[in-house]
1. One decimal, nm, shortest first: give the distances between the label point of residue A:24 and those of the same position in the other copies, each label point 7 Å from Cα along Cα→Cβ.
2. Would you mind checking the pairs A:65/A:190; A:29/A:65; A:239/A:260; A:17/A:66 and listing those with alpha carbons more than 22 angstrom apart?
3. Using a label position 7 Å from Cα in the Cα→Cβ direction, what is the ascending list of nm distances from residue B:119 to the same site in the other copies?
4. Give the nm distances, rounded to one decimal, from residue B:5 to the matching residue in every other copy, measuring between label points 7 Å along Cα toward the beta carbon; shortest first.
5. Select from the stretch A:226-266 those GluC sites (Glu not before Pro) which occupy a DSSP coil region and have at most 14 other Cβ atoms within 10 Å, ordered by residue number.
6. Let me understand the stretch A:260-312 better: what is its radius of gyration from the alpha carbons, and its Dmax, in angstrom?
7. Putting +1 on Lys and Arg Cβ atoms and -1 on Asp and Glu Cβ atoms, find which of A:301, A:261, A:272 reaches farthest to the positive end of the dipole of the stretch A:260-312.
8. I'd like the distance separating the alpha-carbon centroids of the stretch B:124-142 and the stretch B:245-307, in whole Å.
There are 2 protein chains.
Amino acid sequence: MLDVNKLITGDRRTAAKMITVIENEAPEKQALMAQIYPHTGRAYVLGITGSPGAGKSSLVDEIIKKIRGEDLKAGIIAVDPTSPISGGALLGDRIRMQEHTLDRGVFIRSMGARGCLGGLARATKDAVKVLDAFGCDMVLVETVGVGQSELDIMHYADTTVVVLTPGSGDHIQIIKAGIMEIADLFVINKADLGGARRIANDVEAMLDMSPRSNGWRPPVLTTSTIEVSGLDELWAGIKAHRDYIRSSGVLEEATRERLKLEVVEAVEQELFNLILERTKSDRQMGSLLDEVVRRKVDPYTAARRILDMFMQN
Amino acid sequence: MLDVNKLITGDRRTAAKMITVIENEAPEKQALMAQIYPHTGRAYVLGITGSPGAGKSSLVDEIIKKIRGEDLKAGIIAVDPTSPISGGALLGDRIRMQEHTLDRGVFIRSMGARGCLGGLARATKDAVKVLDAFGCDMVLVETVGVGQSELDIMHYADTTVVVLTPGSGDHIQIIKAGIMEIADLFVINKADLGGARRIANDVEAMLDMSPRSNGWRPPVLTTSTIEVSGLDELWAGIKAHRDYIRSSGVLEEATRERLKLEVVEAVEQELFNLILERTKSDRQMGSLLDEVVRRKVDPYTAARRILDMFMQN
């Protein structure tokens with residue numbers, strides 16, 4: 001069993017091994033998470049998403065510098081749902097982050113898809129808890145793309161930054177895909193390419209049409225890591241959102257809702273395994289399935305019958 | 001309530017409305033699916049996936065012609081997980097399929113992401129059942145992209161065709177993303193562009209390294225809808241796979257496994273709603289959640305306690 005005391009005193013190897021346990025859904029995972037949990041709740045989680053090639057990694061690099069500049073500890077989880085690469089592997093653009101790998105105040109980890117996507121969001125969420133207990137003040141979760149998987153993962157971030165680029169033509173796509181609702185800050189990166197202003201205007205127009213219920217209007221910032229512009233404003237914007245959700249009670253409410261969902265999902269997962277197990281061994285279940293196969297009983301009706309069986313014992 | 005008798009006698013408006021009920025997760029959905037279910041199990045489900053721009057829609061067009069050439073009825077569900085477009089909307093490349101819209105033997109429907117992705121896979125699966133009961137002999141499910149969502153959707157196909165193109169450089173990516181395991185046929189489309197042979201060789205090499213457990217080696221075909229080449233071979237390949245899984249018992253086994261999973265997922269879904277409902281009203285649940293928020297109890301432990309509560313009543 002891995003030692004949680006070593007984790008909370010900042011042992012990097014222990015942190016890395018614990019994330020591997022999570023990724024592998026190893027049997028000791030639940031006991032481990034139970035031990036880690038009391039030491040969590042301190043880290044601020046910053047999500048960064050956007051299309052491939054939007055320059056997210058370079059921005060993450062810059063944000064790491066800002067975090068380190070305030071002498072805070074940074075954790076980075078780079079999630080690629082399209083890649084089955086196992087944790088710990090360095091993706092191509094992780095290499096750019098290597099300047100930080102000797103810095104003891106920075107912990108970087110890549111995670112790829114294995115098993116189902118629900119699995120990846122769950123693993124990411126638990127990996128964030130490890131880095132939280134490990135002592136990271138801010139955990140950056142970077143995801144590639146703007147699909148549903150990214151939305152699921154971003155659901156666990158306190159502040160979500162959506163990165164767009166001029167000329168990519170993807171901003172409408174991104175807005176369509178439900179990102180509008182989860183973005184707390186919009187960043188038009190690669191402003192050096194020109195055309196950033198037009199995209200910023202488009203996004204502002206979209207924001208005019210869909211005001212937030214929580215009273216926060218996402219700022220639309222332009223950045224360039226080449227010209228080193230807009231980065232201070234980005235960092236200030238992130239902190240402004242953090243301060244807003246902390247003081248308004250939005251963070252507290254969101255944390256509660258998130259944990260509630262987490263519990264419900266854990267119940268669901270546990271039950272799923274339990275039911276799968278029982279359908280293997282239970283004769284009553286077996287004959288019910290036979291009826292479904294013979295189209296005598298539909299799956300939803302069968303589900304209700306199984307539920308009744310479970311509820312009684 | 002929509003009339004299932006109208007559906008099975010081939011009323012198109014009823015079919016369209018039923019799919020809308022499924023997409024909206026309308027309250028009558030379960031009762032409707034229960035009525036539809038006895039009339040299903042006849043249609044053959046063909047999945048077609050590949051990156052955007054691989055020419056899937058053109059291939060689907062050609063396959064529709066083959067199906068119609070044998071005087072069979074075709075259903076097409078075009079799924080775009082990145083788009084929240086509601087059912088019935090015609091996407092850009094659906095327009096090319098319009099030559100079939102006056103053909104009473106062809107039913108085309110687009111589906112976009114709404115709610116969670118699990119939701120989209122589930123909606124697609126139920127929409128396939130509607131088209132099955134509607135009398136379609138073959139239902140084509142076309143998905144954009146090769147993410148996890150597409151893999152989930154393809155899980156419900158009897159035969160899955162993966163479409164690659166020369167020069168897109170995406171074939172390695174596709175192979176990485178777990179497609180290798182679900183592909184029953186590989187098609188290198190746009191063979192007119194040149195370079196198709198090389199990609200075919202790469203795929204064959206990958207297949208050499210990972211033989212299937214079920215005894216089927218996916219053929220690697222080259223097609224061009226411009227030069228109208230390889231299309232007869234593609235259709236023959238699809239039918240060969242269908243015949244193989246039918247005669248070998250693979251189809252029967254897969255259908256059983258799929259229905260079993262479907263039942264388990266329905267149980268899970270039902271329970272999820274039930275638990276969410278109870279966490280709203282139940283005081284015991286409420287105080288357990290408070291403990292989770294105060295980091296006294298971790299989510300997994302809370303889940304087990306809730307499970308115990310449920311099992312007892």
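1. Shortest to longest, the spacings are 4.9 nm.
2. Long pairs (Cα-Cα over 22 Å): A:29/A:65; A:239/A:260; A:17/A:66.
3. 2.4
4. In nanometres, ordered from closest: 7.6.
5. Within the stretch A:226-266, the qualifying GluC sites (Glu not before Pro) (loop, at most 14 other Cβ atoms within 10 Å) are A:227.
6. Here Rg and the maximum Cα pair distance are 12.4, 39 Å.
7. The one lying farthest along the dipole's positive direction is A:301.
8. Cα centres, the stretch B:124-142 to the stretch B:245-307: 27 Å.
Taken together, the values in this text are just the output of simple stated rules run on the coordinates, not laboratory data. Computed from a predicted model, the values in this text were never measured in an experiment. Please note: Cβ atoms are built from the backbone with ideal geometry, for glycine as well, and neighbour counts cover all protein chains shown.
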